[in-house]
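Asker: Okay, handing you the structure first.
What follows is calculated from the coordinates using simple rules that are stated; it is not laboratory data. Because the structure is a prediction, the values reported are computed rather than measured. Counting neighbours? That spans all protein chains shown, and the Cβs are built from the backbone with ideal geometry, glycine included.
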Amino acid sequence: MPSFATSPGTRDIIAPDAARWRSFQQVFADVVEAAGFAHIIPPMFEDLGVFLRVGETTEIVTKEMYDFEDKGGRRVALRPEQTASVCRAFVEHRPVTPWKVWYAGPNFRYEKPQQGRYRQFDQVGVEVLGVDDPQLDAEVIALAVEFYRRLGLRGVQLSLNSLGDSGDRDRYAAVLLAHFSTHRDALSAESRATLERNPLRVLDSKRPEDAALIAAAPRMADQLSEAAASHFVAVQSALLAGGVGFVVNDRLVRGLDYYRRTTFEFVSTSLVAAHTAIGGGGRYDGLVAELGGPDTPGIGFALGLDRTLLACDAEGVFGAPASRVEVFVVDATGGSEAGAVCTELRAAGIGTDRAYDNRSMKAQMKSADRAGARLAIIIGDDERSAKTVIIRTMEGGSQQTVQRDALVTHVRQALGR
RNA sequence: GUGGGCGUAGCUCAGUUGGCUAGAGCGCCAGGUUGUGGUCCUGGAGGUCGCGGGUUCAAGCCCCGUCGUCCACCCCA
């Protein structure tokens, strides 16, 4: 039994997954940088106060925060998400708007772990600060859709809603509270508790006994201000014009209190477990001001790496990238030749690996196979004396003997470049 | 945080109503008559049966606790 294992809700990402993660982030970077987004790398922990602005009825703030006091007596927290950090950075640096940034990295929430729900989990995402235009809402959403397309995912459904401006949201919360309160006894115990904290969240309940009351609940759409309503309409028509399919779901609430107006969520239809939400986002027009900055509109989304990859697995798309090892050196002379051959090939830009410990040729060939190499360079005592090497193609098994000092040229040829 | 299932070799799992040195497949290692992998054959290494108590003549199998994991709720990516 090993003495140590990873802490609950954390895990090692090892081959072949680690390379897959990296290419996931690379594909994301390609998509968003082509749209003018610049990379931002905020710190992984910040003053606790930054995250408290996310909302006092938000559970990731009230009970899931990884917060602690550091040696200097500062109250800090591991970031539960990155939107608040980006807004803090905006206030701190005051870049010209529109400020379009993207990020990738881990976040931390003290939750009970489950598949697709970890205490350290990775997200990629974008944020745009300083633009009110509904055109932008549609563009941001389309960017996520394009990213899913690049991954090869097909079973992704986009849900869309508007939470209105802060006044609308408060008004709606009051109306909902009244509705559910009059039928209090019919609600599940859990929902009764939720009702106290945040009436909107009751709409999220998956408990069957709440279904009827939720279906009969008043609609957000009826509480929208004229400005918010026309913004929502504009977003929808921009999406339609861009060929982005969506479903309006006026029960879509989302967990973070700072959302205003446009909110959206991506659900994988290929996932069977409970955690089918693979991404989400929306507007947070008041957040920058909350953090002490000028009144600045903002919108963004975050996509979960783990869950999106689970969806990829379910659809059999976006597998791990192939090995970078093209050539494997099999040295049966006792290992005297392999080092120089590797150095030479690697310097020529050819991915090369070798075996150690003077293993049998058979064993070394096996390693060559496992490494995924296209070519094996075989050197025995005969070849060493003759100053030659054998180039063997792993797939067909054909071999040729070439001069040792012309190795790179012949390997290039055999690789077809 | 609440409720439930599970926890046996690196991996996926068998282990009958508790009974002698705990098994399989895959993987790994070594061979298959002097140098060459992916198929096949043979052999081998590897397990304090999550951990700690308890019941029993005897526990991988029963009981309690604990840790981990999975599922649902919750929450959300």
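Asker: Work out which chymotrypsin sites (Phe, Trp or Tyr not before Pro) in chain A are exposed loop sites (DSSP not H, G, I, E or B, at most 11 other Cβ within 10 Å) and give the longest gap free of them.
Answerer: My reading of the result: A:5-355 is the longest stretch.
Asker: Another question, if that's okay. Could you list A:346, A:307, A:384 in order of exposure, starting from the residue whose Cβ has the fewest other Cβ atoms within 10 Å? Provide the component values of the computation, followed by the final result.
Answerer: Values: A:346 13, A:307 24, A:384 17.
Least crowded to most crowded, the residues run A:346, A:384, A:307.
Asker: Which residue, chosen from A:152, A:115, A:142, occupies the Cα position most advanced towards the positive end of the dipole of the range A:66-153, where the dipole is computed from +1 (Lys, Arg) and -1 (Asp, Glu) charges on Cβ about the Cα centre?
Answerer: The listed residue farthest towards the positive side: A:115.
Asker: Follow-up. Please give the charge dipole size of chain A, origin at the Cα centre, charges +1 on K and R Cβ atoms and -1 on D and E Cβ atoms. Round to the nearest 20 debye.
Answerer: On the way: 48 positive and 54 negative charges, 208 e Å.
Dipole size: approximately 1000 debye.
Asker: Angle check, please: helix A:226-241 long axis (alpha carbons) against the longest principal axis of chain A (alpha carbons), in degrees 0 to 90, nearest 10.
Answerer: The angle comes out at about 30 degrees.
Asker: Give me P(r) over chain A, computed from all C-alpha to C-alpha distances, binned every 10 Å, as integer percentages.
Answerer: All Cα pairs considered, the percentages come to 4, 18, 24, 20, 13, 10, 7, 3, 1, 0.
Asker: Of the trypsin sites (Lys or Arg not before Pro) in the range A:34-119, which ones lie in a loop per DSSP and count no more than 16 other C-beta atoms within 10 Å?
Answerer: Listed in order of number, the matching sites are A:63, A:71, A:74.
Asker: Tell me the trypsin sites (Lys or Arg not before Pro) within the range A:200-299 that lie in a loop according to DSSP and have at most 12 other beta-carbon atoms within 10 Å.
Answerer: A:206, A:219
Asker: Compute, for the range A:155-248, the length of the dipole vector about the Cα centre, with Cβ point charges of +1 (Lys, Arg) and -1 (Asp, Glu) only. Units Debye, rounded to 20. Walk me through the numbers before you get to the answer.
Answerer: Numbers: 9 positive and 11 negative charges, 31 e Å.
Magnitude of the dipole: close to 140 debye.
Asker: Excluding residues fewer than 8 places away in the same chain, name every one of the aspartates and glutamates whose C-alpha is closer than 13 Å to that of residue A:362.
Answerer: Correct list for residue A:362: A:331.
Asker: Relative contact order of the range A:103-204, please, whole-number percent, based on alpha carbon pairs below 8 angstrom and at least 6 residues apart.
Answerer: Numbers: 51 pairs, mean separation 14.2, N = 102.
After rounding, I find 14 percent.
Asker: Shifting gears a bit: Mean separation of Cα pairs under 8 Å and 6+ residues apart, divided by the residue count of the range A:264-417: what relative contact order is that in percent?
Answerer: Relative contact order, the range A:264-417: 16 percent.
Asker: Out of the DSSP beta bridges found with both residues in chain A, what percent are antiparallel (nearest 5)?
Answerer: Percent antiparallel among DSSP bridges in chain A is about 80.
Asker: Quick one: helix A:305-315 against the long Cα principal axis of chain A, what's the angle to the nearest 10°, folded into 0 to 90?
Answerer: Computed tilt is about 70 degrees.
Asker: May I ask you to sort A:196, A:326, A:64 by Cβ crowding, counting other Cβ atoms within 10 Å and putting the fewest first?
Answerer: A:196, A:64, A:326
Asker: Mind checking the dipole of the range A:142-210: about its Cα centre, +1 per Lys or Arg Cβ, -1 per Asp or Glu Cβ, Debye to the nearest 20?
Answerer: Once rounded to the nearest 20, the dipole reads 320 debye.
Asker: Additional query: Let me know the Kirkwood hydrodynamic radius for the range A:29-124, please, with Cα pairs as the basis and the value in Å to one decimal.
Answerer: Numbers: mean 1/r = 0.0689 Å⁻¹.
Roughly 14.5 Å, rounded to one decimal.
Asker: Here's a follow-up. Please report the net charge: other residues with Cβ closer than 12 Å to the Cβ of residue A:111, K and R +1, D and E -1.
Answerer: +3
Asker: If you take the beta carbon distance between residue A:209 and residue A:390 as r and set R0 to 60 Å, what does 1/(1 + (r/R0)^6) give as a FRET efficiency, to the nearest 0.05?
Answerer: 0.25
Asker: Per DSSP H run of n ≥ 4, the term is -39500 (n - 2.57); total these for chain A, divide by its residue number, and report the mean residue ellipticity at 222 nm rounded to 500 deg cm²/dmol.
Answerer: Mean residue ellipticity, 222 nm, calculated: -11000 deg cm²/dmol.
Asker: Can you spot the lysines whose alpha carbon is less than 27 Å from residue A:206's alpha carbon? Ignore those fewer than 8 places along the same chain.
Answerer: Partners found: A:63, A:112.
Asker: Have a look at the range A:103-181 and give its Rg and Dmax from the Cα atoms, expressed in angstrom.
Answerer: 17.3, 46
Asker: In whole percent, what relative contact order does the range A:327-415 give with Cα contacts below 8 Å and a gap of six or more residues?
Answerer: 29 percent
Asker: Let me ask something else. Taking the 0 to 90 degree range and rounding to the nearest ten, how far is the long axis of helix A:166-182 tilted relative to the main principal axis of chain A, both from C-alpha atoms?
Answerer: 70 degrees
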